[in-house]
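Report on the following structure.
No lab work stands behind these numbers, since they all come straight from the coordinates. Every value quoted in this text rests on a predicted model; they were computed, and no experiment measured them. Here the Cβ positions follow ideal geometry from the backbone for every residue, glycine too, while neighbour counts run over all protein chains shown.
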Amino acid sequence: MSQENVEIVRPIYDDAAEGRFGRHMHLFDPDVEYARKRQAADLLSGEWHGLQAMSDVLREWMETVDELQVEAERYIDAGDSVVVLTRSRAINKASGIPLDERFADVITLRDGRIVRWHSYRHPSEALEAVGVRE
């Protein structure tokens with residue numbers, strides 16, 4: 001089942017690598033749980049429930065950057081979840097400073113729909129969250 005989950009998630013990242021976002025909202029459960037497991041100082045740390053809340057926080061963040069590209073560097077099967085080691089590049093609109101960040105997403109699926117999407121600052125935290133060791 002987990003390889004099937006990787007194939008469900010992959011088009012989201014394929015589009016993001018090309019700077020296209022939002023074309024795969026049909027893959028999300030309406031009650032999706034979205035969380036950014038970041039440091040307390042990170043303004044985008046927190047947890048949101050529901051597709052609209054997730055969309056709103058992502059849109060709000062995306063309005064602060066230009067030239068956003070998100071690239072999946074590696075997919076790791078983790079049963080009902082997929083760990084995606086990710087790299088994000090953008091330019092901060094306010095400062096003009098380029099951003100280049102590596103992080104990891106843990107995406108949990110049920111019946112082919114994304115029910116949970118947690119983003120971690122460090123890949124090791126994401127792997128620990130799903131009980132996978134490298």
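With a 10 Å cut-off between alpha carbons and a GNM built on the chain, which of Ala53, Ala16, Ala94 moves the most? Largest GNM mean-square fluctuation: Ala94. If you run the Gaussian network model on the chain, springs between alpha carbon atoms under 10 Å, then out of Ile107, Ile12, Ile97 the most flexible one is Ile97. Based on the reciprocal of the average 1/r between different C-alpha atoms, the Kirkwood radius for the chain equals 15.1 Å.
Annotation: amide H of Val65 within the under-5 Å range of Lys93, sequence separation 5 or more or interchain, hydrogens built in the peptide plane. What is the angle, in °, between the Cα long axis of helix 2-17 and the longest principal axis of the Cα atoms in the chain? Nearest 10 is fine, range 0 to 90. Roughly 20 degrees, rounded to the nearest 10.
Label sites at Ser45 and Leu99, each approximated as a point 7 angstrom past Cα along Cα to Cβ, lie 1.7 nm apart.
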